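First comes the structure, then the notes that go with it.
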Amino acid sequence: MAAWPSEAEHLRKIGRVEQADKLEANLEKLRTLTEAEKGKGRMARKKVRSNGDGDVYPRKNKQGKVTSYRGAYVGPDGKRRYVSGRTKEGARKALREAAQTVTSDSYLRRVR
C-alpha cells in the first residue's frame, strides 16, 4: 500500500492518467476501510459449547462417503460414550437424549 502513490505518479508520467486515477481512488477506499477498522476493538469469540458437551461428526466408509453421524459425550462414570444416527440431526437428538438421561435423577438413583 505504501508503494501505490509512487506507482500512480509513474502511471501519470507515462501517460496512463485514467489508470492512475483509478489506482488513487482504490487507494483512498482502502485507507478509509483500514481507518474504520482501527477503532474497533476485536474480542475473542465466545465458545458455544463447553468441554465435554458432545460433538457430532460424520462417519465415512473407505470410499469417503458419509454413512452416518456419531456423537460423543462423557458419561457419569467419566468414560466417553457414543451415540449414532443416520442423519446429523438424528445424531444430535440421540446425543441430547443420552445427555439428559445422564443428568436426570432417575439415572442417578439407578446407579446407587
>> Please list, ordered by chain and number, the residues whose modelled amide H lies under 5 Å from the amide H of ARG81; skip anything fewer than 5 residues away on the same chain.
In response: TYR73, VAL74, GLY75
> Once phi is turned into θ = phi - 60°, what whole-Hz ³J(HN,Hα) does the Karplus curve with 6.51, -1.76 and 1.60 give for every residue of region 76-84, x standing for Gly and Pro?
Replying inline: x, 8, x, 8, 7, 10, 10, 10, 9
> Around SER68, which amide H atoms from residues at least 5 apart in sequence, or from another chain, sit under 5 Å from its own amide H, with H modelled in the peptide plane?
Replying inline: ARG59
> Put a dot 7 Å past each Cα toward the Cβ at ILE14 and THR32; how far apart are the dots in nm?
Replying inline: 2.9
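Which order do the peptides 24-36, 87-99 take when ranked by the mean count of other beta-carbon atoms within 10 Å per residue, highest first? Spell out each step's value before the answer.
Working: 24-36: 11.3, 87-99: 16.4.
Ranked from most to least packed, the peptides come out as 87-99, 24-36.
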>> Taking θ = phi - 60°, what integer Hz values does the Karplus form 6.51 cos²θ - 1.76 cosθ + 1.60 yield along region 59-71, in sequence order, with x for Gly and Pro?
In response: 9, 10, 8, 5, 7, x, 7, 6, 9, 7, 10, 10, x
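All of the numbers you see were taken from the coordinates with simple rules; none came from a lab. In this text, all values refer to a predicted model and were calculated from it rather than measured experimentally. Every residue, glycine as well, gets a Cβ built from its backbone with ideal geometry; the counts of neighbours run over all protein chains shown.
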